[in-house]
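A.B. asks: One structure, as structure tokens, below. Some questions next.
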Amino acid sequence: MSVDVQEKNQSPAAAGRGGITLGARAASAKENGNAQQTAGRPHVIAEDCSVWYRTTEAVKKVNVEIQQGKVTAIIGPSGCGKSTFLRAINRMNDLIPGCRVTGKLAFDGTDIYDPCMNVVHLRQRVGMMFQKPNPFPKTIFDNVAYGPRLKGQKGRAILEEIVESSLRRSALWDEVKDRLHDNALGLSGGQQQRLCLARALAVEPEVLLMDEPTSALDPQATMRIEDLIAELRDNYTIIIVTHNMQQAARVSDFTAFFYEGVLVEFAPTEQIFTNPQQRCTEEYITGRFG
Ligand SMILES: Nc1ncnc2c1ncn2[C@@H]1O[C@H](COP(=O)(O)OP(=O)(O)OP(=O)(O)O)[C@@H](O)[C@H]1O
Ligand SMILES: [Mg+2]
């Protein structure tokens, strides 16, 4: 199937057919009307941004403005470039030979690919969580203290404070406060993912990139991460890749639909799920492919 970017006629809400239930977040977006479209300011801006693996253009001339303090979901079928685009934002693709970015990608007004960009600082400001929890084979305490130590923080009392507040923000403190010096690999999958969130939060990032953060978790652990996203949203810009459209509808303010590397549609989540403007989006969210 090729990308159909023809505007379709205003159709009846696709939501009914797709069975997507908008969460409280999207419902409140409805109440706020256009406020959702104008609130915040652009925090990450892509202009004709392409990401290449050698000669293959995996992300094609994307133009988007990601709002500060909002949750943006990236959806689309497997292989459409979601992770590639997400990783470009904190230059995780730098580690892949032959991968390069063309066009413009800016964070907080600065070109992410400027040769002067300090990538370590960028990754402190733009944190990331992956599909599979990836704690270091260290203690729970050392996992969370890792970033602050890398930034030069040596004071034990300050580190203890950072570790506690980060674990509280990721709703893990009560479960681990008596075992901070146990190996993190002894935690359950859901706990490990919340530990990875605490580790990311410990360096006070401004943006959190989440690549399918709940796909390896059971429904209860998934719910906890979704609740955390709701709690964090005002203080962080969150970009979450998800295959779960219910999740996108529940947690996000804006949704970007990618297909074959192209950003087909970007709009308030409610609009994407109730009145998508592109036929291709509608076909995807109603489960006709993907
Ligand atoms: N390291 C790589 N080298 C070469 N090609 C790659 C590499 N990583 C991804 N690709 C290709 O780039 C395209 C986009 O991949 P990407 O992983 O971004 O998709 P995705 O939307 O995240 O898919 P999924 O939902 O399966 O995770 C795919 O065609 C993929 O095969
Ligand atoms: Mg992916």
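A.B. asks: In whole Å, largest first, what are the principal axis extents of the Cα atoms in the chain?
C.D. replies: Taking max minus min along each principal axis of the Cα atoms, the chain gives 61, 42, 32 Å.
A.B. asks: Turning to a different aspect of this structure: Using the heavy atoms of the protein chains and a 1.4 angstrom probe, tell me the accessible area per residue for the chain in square angstrom.
C.D. replies: Counting only protein heavy atoms, the per-residue value for the chain is 45 Å².
A.B. asks: Oh, and also: Please list, in chain and number order, the residues 5+ apart from GLN67 or on another chain whose amide H is under 5 Å from its amide H, with Hs placed from the backbone.
C.D. replies: Residues meeting the amide H criterion: HIS43.
A.B. asks: Taking all protein chains in place and a 1.4 Å probe, what share, in percent, of the accessible surface of the chain do carbon and sulfur account for?
C.D. replies: With neighbouring chains kept in place, the figure for the chain is 48 percent.
A.B. asks: For the range 186-194, take each phi angle, set θ = phi - 60°, evaluate the Karplus expression 6.51 cos²θ - 1.76 cosθ + 1.60, and give the result in whole Hz per residue in order, putting x for glycine and proline.
C.D. replies: Once θ is set to phi - 60°, the couplings for the range 186-194 become x, 7, 5, x, x, 5, 4, 5, 5 Hz.
A.B. asks: In whole Hz and in residue order, list the ³J(HN,Hα) couplings for the range 227-243 that follow from phi through the Karplus curve 6.51 cos²θ - 1.76 cosθ + 1.60, θ = phi - 60°; x for Gly and Pro.
C.D. replies: For the range 227-243, the Karplus-derived couplings read 4, 5, 4, 4, 6, 7, 4, 6, 9, 9, 8, 10, 10, 10, 8, 8, 8 Hz, x marking Gly and Pro.
A.B. asks: Under the Karplus relation 6.51 cos²θ - 1.76 cosθ + 1.60, θ = phi - 60°, what is the ordered set of whole-Hz ³J(HN,Hα) values for the range 273-283, x standing for Gly and Pro?
C.D. replies: 8, 10, 8, x, 8, 10, 4, 4, 4, 4, 5
A.B. asks: Which whole-number percentage describes the relative contact order of the range 162-290, with Cα contacts under 8 Å and a sequence gap of 6 or more?
C.D. replies: Averaging sequence separation for qualifying contacts and normalising by length gives 17 percent for the range 162-290.
A.B. asks: Could you work out Rg/(2.2 N^0.38 Å) for the range 135-205, with Rg from alpha carbons only?
C.D. replies: Normalised Cα radius of gyration, the range 135-205: 0.96.
A.B. asks: To the nearest 10 degrees, how steeply does helix 156-169 sit against the main Cα axis of the chain, on a 0 to 90 scale?
C.D. replies: 30 degrees
A.B. asks: Placing +1 on the Cβ of each Lys and Arg and -1 on the Cβ of each Asp and Glu in the range 135-205, which of VAL203, LEU185, SER166 has its Cα farthest towards the positive end of the resulting dipole?
C.D. replies: The listed residue farthest towards the positive side: VAL203.
A.B. asks: Next up: So in the chain, what percent of DSSP beta bridges are antiparallel if you round to the nearest 5?
C.D. replies: Antiparallel bridges make up about 60 percent of those DSSP assigns within the chain.
A.B. asks: Take every Cα pair under 8 Å in the chain that's 6+ residues apart, average their separations, divide by the length, and report that relative contact order as a whole percent.
C.D. replies: Computed over the chain, the figure is 32 percent.
A.B. asks: Going by accessible area, probe 1.4 Å, with all protein chains left in place, what is the ranking of SER78, SER188, SER166, largest first?
C.D. replies: SER78, SER188, SER166
The values are calculated or read from the model by the stated rules, or taken from the named source; none is laboratory data. Everything numeric here is computed off the predicted structure, so don't read it as measured data. No Cβ is skipped: glycine too gets one built from the backbone with ideal geometry, and neighbour counts run over all protein chains shown. Just so you know, the surface numbers come from the protein's heavy atoms only, side chains and all, with ligands and any DNA or RNA stripped out. Shrake-Rupley method; radii C 1.70, N 1.55, O 1.52, S 1.80 Å.
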